[in-house]
Amino acid sequence: MNLIVLLKKIAPYVRPYRWLVIATLILTLIGSFIAQVNAVVLDRTVDAINALVKPEGFDWSKAANILTIISIVLLGKELLAAIIRYAQNYFGERMRILVSKDLSQAIIDRILSYRMAFFSRSGNETGKLQTRIDQGVGSLSTTVQSVFIDLLPLFTSAFLALVLMFMANVYVGLTALFIVPIYIIITVRQARRLKGWRTNMRRFREQKSNGVVSIIESMNVIKSFNREPIESEKQWNIQTQFTDNQMLVRKTSFYFDGVKSFVQQVGTVLIIILTAYLVLIQYPGMTIGKIMYHVMLFSNVTAPITQLQRIFDSLNDALIYAEGFFDILEAKDEAEPSGTYHPETVRGEFEIQGVDFTYPNGTKALHNINMSIGSGHITAFVGLSGAGKSTIINLLDKFYEPDCGCITLDGVDLREWDTKYLRENIGLVLQKNHIFEGSVEENIRYGKPDATDEEVIEAAKKAYIYDQIMKQPDGFKSRATALSGGQQQRIAIARMFLKNPPIIFLDEPTASLDAVATEQIKASIDAIKRDRTVIIISHSISQIIDSDVVYALKDGRVEQSGEPDELYRKGGVYKDIVDASARSLNIDKLAHTLDTNGDGKLFD
Ligand code: ADP
């Protein structure tokens, strides 16, 4: 990415604030003129005071007159300059903040519109996306400020001072003009030299903060293995590299700053010598006041240029980060596909024929899948971890598209379905449902934002969580994240009741819960399963044997399918899994323990 491309890409984000840019530029122009006032006043003052000095004494009233005028002009100018500086800073900052807000919102809206495959691609992992977005927004908005608010004024000021120098005397102007390019060349070299190290600095900073986060997150593992020294050493290495790099940056910056200062001083000395010479040879219009005048003008030329360094740095950062940022913002073919099919009602009959599927990272997860999932039935997917059960649900929810084969819902190809409408009609309960920061009520209402309070309460009751919510100090206003895992899972189920979809996918809904919570949740799951198309993925035998049809999967293939008892009798993958589950429960001993009454009844 080069500067022109970069500017073209950010221009649309600056356009809404063009009046802010124009206002700032006008103020800057006035500011640039005002900045020259000091030099002009000093020039006149020195000459006027000089003219007053006479061997027989001076005229008090004339001196007072001059001093009054100087005071008024200088103070008035300073007041005006302060107001302009304030407006300039405020407008510049306002623009940076607003552009940053728009860029952040634009990328969030884009990301929300992308399909799941985008997030599974390598390079798009959460942490990496977040870094690219944060740094992209930060560096681009700073660049907007540097380029549109700071850069032009800088050159205007320098240019104006240079013009005044030429107007005062051509030779003086030429001397300044000779020094300025040298100054700029040194600044550009400095920026180039520092570029690589600055990029490294950023990388080390990321590693450092990632390191601290990962240490804090894994504290119990580190401590239990006594691996504190290893972690400390890892950090030490990063710190050392970071510090070495930091030293290099500082050393080089100081070196270049010194050279620039010296060049500036050489310019000042040349201008003093030249003006003094012109005064001495009594060049027309050259008075002693001009020495001061020229030196001040020259500092007005170089002062803004010293800021070039900062602008170069920000542009450099922007060029580094813009690519990653715009890759996300402008990712092609990542928008979620959608058809237009939007029937009145959804029956919920899925047909999967000859479906293969490969994840974007190359993992082939499904091979030639054929399934019929009946409306109003409970279908269970069983199989070891990684068999492809969740992947099928991902395809049915249109999170991904199959490589080949066909999936239909109620006889219509899934691709033709309006994606939003399809998802309105599907409820998904996962092993760990995401509970958002916010109240219990807000979390339940997520299932239907316009639900009435009564509907929310009704949903909570159906999910068998109402009584427990009411026991919380703030009832429905309590923080949802403070609830236990089992309670959160039931909040997610209440959310589903409120959404009330005809199709439900339950992906290991009780896997992360203890036995008591599982038993409690079973009641809410049994309630939600009624009269719907339900697909349940579970390792819990109790939930599997409740199903109407079972599909046993292995390595991305359907090995067996049918009614659970019949499948068990046939033997094979399903029987192996059920037997293994029973053995893991230690059923014989369990039965013995439960039968301590000796009355043949397992439970009281
Ligand atoms: P199950 O639900 O049966 O445990 P999954 O459907 O989650 O299995 O996974 C099937 C295969 O696909 C596994 O090999 C898994 O590693 C892979 N997989 C799952 N999700 C992704 C993903 N987002 N990106 C890449 N590979 C994935």
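Against the empirical 2.2 N^0.38 Å scaling, what ratio does the C-alpha Rg of region 350-570 come to?
Taking the Cα Rg and dividing by 2.2 N^0.38 Å, one obtains 1.04.
Which of the listed residues, A380, M167, P402, is farthest toward the dipole's positive end in the chain, when Lys, Arg count +1 and Asp, Glu count -1 at the beta-carbon?
Result: M167.
Using Stokes-Einstein with the Kirkwood hydrodynamic radius over Cα pairs, what translational diffusion coefficient do you get for the chain at 25 °C and a viscosity of 0.890 mPa s, in µm²/s rounded to a whole number?
Rounded, D is 78 µm²/s.
With a/c under 1.5 counting as rounded, go ahead and sort region 238-329 into rounded, prolate or oblate using the C-alpha gyration tensor (a ≥ b ≥ c being the square roots of the eigenvalues; past the cut-off, prolate if a/b is larger than b/c, else oblate).
oblate
About the Cα centre of region 24-129, how large is the charge dipole given +1 on each Lys and Arg Cβ and -1 on each Asp and Glu Cβ? Please answer in debye to the nearest 20.
Result for region 24-129 is approximately 640 debye, rounded to the nearest 20.
Once every DSSP H run of n ≥ 4 in the chain is given -39500 (n - 2.57) and the sum is divided by its residues, what mean residue ellipticity at 222 nm do you get, rounded to the nearest 500 deg cm²/dmol?
Taken over the chain, the calculation gives -21500 deg cm²/dmol.
What does the C-alpha gyration tensor say about the overall shape of region 399-494? Classify as rounded when a/c is under 1.5, otherwise prolate if a/b is larger than b/c, or oblate.
Because a/c hits 1.5 or more and a/b exceeds b/c, region 399-494 counts as prolate.
Along the charge dipole of region 1-93, Cβ charges K/R +1 and D/E -1, which of T45, A35, N65 sits furthest on the positive end?
A35
With the Cα gyration tensor of region 458-520 giving a ≥ b ≥ c as the square roots of its eigenvalues, does the rule (a/c under 1.5 for rounded; else a/b larger than b/c for prolate; else oblate) give rounded, prolate or oblate?
Oblate, because a/c is 1.5 or more while a/b does not exceed b/c.
About its Cα centre, what dipole magnitude does the chain give when the only charges are +1 on Lys and Arg Cβ and -1 on Asp and Glu Cβ, stated in debye to the nearest 20?
The dipole magnitude comes to about 3060 debye.
Which whole-number value in Å² is the accessible area per residue of region 167-275, probe 1.4 Å?
Heavy-atom accessible area per residue stands at 65 Å².
Considering amide H positions built from the backbone, and no H for Pro or chain starts, which residues 5 or more places from E559, or on another chain, come under 5 Å of its amide H?
Hits under the 5 Å cutoff: A552, L553, K554.
Enumerate the calculated ³J(HN,Hα) couplings along region 533-550 in order (Karplus 6.51 cos²θ - 1.76 cosθ + 1.60, θ = phi - 60°), each rounded to whole Hz, writing x wherever the residue is Gly or Pro.
Values per residue, Gly and Pro as x: 7, 10, 10, 10, 10, 7, 9, 8, 4, 4, 7, 5, 6, 7, 7, 7, 9, 10 Hz.
Please express the shape of region 99-138 as an equivalent ellipsoid: the semi-axes are the square roots of 5 times the eigenvalues of the C-alpha gyration tensor, given largest first in whole angstrom.
Here the semi-axes work out to 19, 13, 5 Å.
Summing Lys, Arg as +1 and Asp, Glu as -1, what charge do residues with Cβ under 14 Å from the Cβ of K398 carry, K398 excluded?
Once all neighbours under 14 Å are counted, the net charge is -3.
Taking R0 as 35 Å, what's the FRET efficiency between L74 and S261 from their Cβ-Cβ distance, rounded to 0.05?
So, using R0 = 35 Å, E works out to roughly 0.80.
Can you list residues whose amide H is under 5 Å from A365's amide H, if they're 5+ apart or on another chain and H is modeled 1.01 Å from N?
For A365, whose amide H was placed from the backbone, the distant partners under 5 Å are F357, T358, Y359.
In whole Å, what is the distance between the alpha-carbon centres of region 83-153 and region 247-299?
40
The values are calculated or read from the model by the stated rules, or taken from the named source; none is laboratory data. Note that the coordinates shown come from a computational prediction; the quantities given were computed from them, not determined experimentally. Methodologically, a virtual Cβ is constructed for each residue, glycine included, from the backbone with ideal geometry; neighbour enumeration extends over all protein chains shown. Ligands, DNA and RNA are stripped out before the accessible areas are found, and what is left, the full protein with its side chains, is counted by its heavy atoms. Shrake-Rupley method; radii C 1.70, N 1.55, O 1.52, S 1.80 Å.
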